[in-house]
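Student: I am attaching a structure below and will ask some questions about it afterwards.
Read-outs: derived from the displayed coordinates by stated rules, not from any lab. Predicted model, so just to flag it, every value in this text is computed and none were measured. As a convention, Cβ positions derive from the backbone with ideal geometry for all residues, glycine included, and neighbour counts pool all protein chains shown.
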Amino acid sequence: WLPVAASVPQPRPQEVPDAHGAKAVDVSVLEGYIGNDPAVVREFLRDFRTGATGMALKLKIACVARDAMLAGEQAHKLMSSARAVGALRLGELCAQMAAAGKAGDAETQAALSPLIEQELGAVNTCLDSLLA
């Protein structure tokens, strides 16, 4: 026996292009890890969104405090999660932030912080569409 909602096939989430025509989230990356069951994909995307919001807040606080090491650690966590769900540009920006943290380069982190925030906004807009 399956719950009614589970027995109704759901459409596969589609990627939404950002303002530059590129996808903020490439769901096929996540599907490569977990398969393409739409309900499971949506659950992972929801979990990512929740976790990413918290990580991004900690990252921003660390950047404002100019704590390069803590900002680098938070960026590394966000990078891993972003790459796993297919938010590749966000993952790349976080990788740069993490590298700057290892180098103790708070100036580079300060420059990257608004770019990460902007890209996370694009990812969230994409997730809004995917999870609608």
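Student: Report the FRET efficiency, 1/(1 + (r/R0)^6), for SER28 and LYS58, where r is their Cβ-Cβ distance and R0 is 22 Å, rounded to 0.05.
Tutor: Efficiency computed from Cβ-Cβ geometry: 0.15.
Student: Would you please give the FRET efficiency between ASP47 and LEU115, computed as 1/(1 + (r/R0)^6) with r the Cβ-Cβ distance and R0 = 22 Å, to the nearest 0.05?
Tutor: Efficiency, rounded to the nearest 0.05: 0.35.
Student: Which trypsin sites (Lys or Arg not before Pro) in region 39-100 pass both tests, a DSSP loop state and at most 16 other beta-carbon atoms within 10 Å?
Tutor: ARG66
Student: Another question about this same structure. Once amide H atoms are built 1.01 Å from N in the peptide plane, which residues 5 or more positions from LYS23, or in another chain, come under 5 Å H to H?
Tutor: ASP18
Student: Just to verify a number: FRET efficiency for SER80 and GLU107, C-beta to C-beta distance, R0 = 22 Å, to 0.05?
Tutor: 0.35
Student: Tell me which lysines have Cα within less than 24 Å of LYS58's Cα, excluding those fewer than 8 residues away on the same chain?
Tutor: Excluding near neighbours in sequence, the set is LYS77, LYS102.
Student: Tell me, what ³J(HN,Hα) does each residue in region 120-132 have, in order and in whole Hz, if you take phi through Karplus 6.51 cos²θ - 1.76 cosθ + 1.60 with θ = phi - 60° and put x for Gly and Pro?
Tutor: Each residue's phi maps through the Karplus curve to give 4, x, 5, 5, 5, 4, 5, 5, 3, 5, 5, 9, 5 Hz.
Student: Could you check the simple spin-label distance between ASN124 and ASP67, using points 7 Å along Cα→Cβ, in nm with one decimal?
Tutor: If labels sit at ASN124 and ASP67, their model points lie 2.2 nm apart.
Student: Still on this structure: Applying the Karplus parametrisation 6.51 cos²θ - 1.76 cosθ + 1.60 with θ = phi - 60° to the phi angles of region 94-109, what ³J(HN,Hα) value in whole Hz is obtained for each residue in order, glycine and proline being reported as x?
Tutor: Residue by residue, region 94-109 yields 5, 4, 5, 5, 5, 4, 5, x, 4, 7, x, 9, 5, 5, 5, 4 Hz.
Student: Same structure, new question: Please list, ordered by chain and number, the residues whose modelled amide H lies under 5 Å from the amide H of LEU131; skip anything fewer than 5 residues away on the same chain.
Tutor: Counting only residues 5 or more places away or on other chains, the set is empty.
Student: Would you pull out the residues with amide H under 5 Å of ALA87's amide H, same chain only if 5 or more places away, H placed 1.01 Å from N?
Tutor: Hits under the 5 Å cutoff: ASP26.
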